[in-house]
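So the structure is just underneath, and the comments pick up after that.
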Amino acid sequence: MTTWIGALPVAVLAAMLAACSESKRDVPPTEQQVHSSDSGVASGELGRHPYRCRDGTKLFVDYKDNGLQIDLRRTADGPPTTLTAPAQGLQYVGDTASATFKGPQLMIEEGDGRTQTCVKEGSQ
């Protein structure tokens with residue numbers, strides 16, 4: 001019986017420390033995580049999302065391969081520029097461009113050094 005009474009303060013102290021420990025902060029998901037299970041949108045296109053660029057042009061982004069691949073299109077039925085990322089949250093890279101998401105913004109760097117910033121439509 002003495003062993004049980006001696007262990008009681010240790011158990012209470014452990015419970016108090018666990019209750020006081022700092023909980024993890026919820027980090028908002030990356031665009032890749034948001035679209036990793038994208039099965040369709042109102043337009044009927046699988047994982048297709050429209051963006052508007054600073055120069056006024058429209059860009060269509062198709063998410064594929066659980067969010068690790070994107071196809072960029074200048075028109076809805078135009079030829080795609082395919083970019084891939086090695087893991088969630090990392091930069092997408094292709095033969096002629098790279099792309100990085102930061103919240104609703106998409107920053108594209110072309111092979112010739114031009115950069116373009118686009119915002120997901122409906123997220124201003």
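Computed from the coordinates by the stated procedures, all read-outs in this text should not be read as laboratory data. Remember, it's a predicted structure, so these values are computed and weren't measured experimentally. So basically every Cβ, Gly included, is an ideal-geometry build from the backbone, and we count neighbours across all protein chains shown.
Couple of notes before you dig in:
- Peptide packing for 98-107, 50-59 was compared via the average number of neighbouring C-beta atoms within 10 Å per residue; ordered from the highest value, the list is 98-107, 50-59.
- FRET E, pair residue 109, residue 26, Förster distance 41 Å, beta-carbon r, rounded to 0.05: 0.85
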